[in-house]
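To start, the structure itself, in structure tokens.
The values are calculated or read from the model by the stated rules, or taken from the named source; none is laboratory data. Just so it is clear, the structure is predicted and the values come from calculations on it, not from any experiment. In this analysis, Cβ positions are derived from the backbone assuming ideal geometry, glycine residues included, and neighbour counts consider all displayed protein chains.
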Amino acid sequence: MEFYQVNLTVLVTANAYLLYWQHTKGGRDTESQLVDSENHGVEDKGEHHATRRRFQMNFFFPYILAVAADWLQSPHIYAVYKFEKGIPENTVAAITTLLFNVFETWMISEYHERCLPLVGLTLSSVFGNMTTISYMVAILSTLVGDLLIQQSGTQTAPFLAASVCCVGAAYLIARISNENFGAQQTERTWIEDVKRDILAMIWKPRIFALGVASCFLEGTVYLFLFYWSEALKST
């Protein structure tokens, strides 16, 4: 067995064990929360479980398709747009941005709207599942993208598959997701809202640190994703 196959087998096995451990630990924590809730006369355990499952399924199905659409095309964006289409780098960067935080924003708003802490569902568990699912879909999508290129002989095949995923995500969102129009209109102008948010970021060190860390992390990841094919080609 080659080096990469050995590493893949070891890492998949280790991650499968960690995923199982996290699942069982999360189940025990949820059970303890449900006991506390039931002592205060909240819904029974079966209804709690159904509510948690329904919310996560409604959120994760469109999210999976959106992530798959992004990762199907991500490894081939630069190669197609730059070498096949001759589009400048700044234009490529502008047309390949996906607003992933809309999913997180909707999820957090819906989480509080439905009072899901009362049924034992925590935001940390949802975000943990998001991270796990995102990376699993990323690995599978890149493998599928390479397979599509090998079978079709063109680098545009992953983009066509990504279009199908986007259409599927849009359909599911329209069918099962509640519309969220944001906060109610206030007498403040948008400039005042921006000032308030900037001041909150400055005066709250945790928010500031999280924003800076996210900028560096996301910036580094997307710089690598965007330029890795050019770097390999130049060598």
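Data table
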{"read-out": "Any hit, the stretch 36-53, residues being modelled with pLDDT of 55 or more, in the same structural domain as residue 119 (by TED's automatic domain parsing) and hydrophobic (A, V, I, L, M, F, W, C)", "value": "yes"}
{"read-out": "Residue match in the stretch 121-129 (condition: outside any helix (DSSP H, G or I), within 21 Å of residue 62 (Cβ to Cβ) and of a type in the set (A, V, I, L, M, F, W, C))", "value": "yes"}
{"read-out": "Every residue from the stretch 63-90 that is at pLDDT 80 or above and in contact with a Ser or Thr (Cβ under 7 Å, 6 or more places away or on another chain)", "value": "67, 68, 71, 72"}
{"read-out": "The lone exception for residue 119 - which of (1) surrounded by fewer than 16 Cβ atoms within 10 Å (Cβ to Cβ); (2) modelled with pLDDT under 85 it fails", "value": "(1)"}
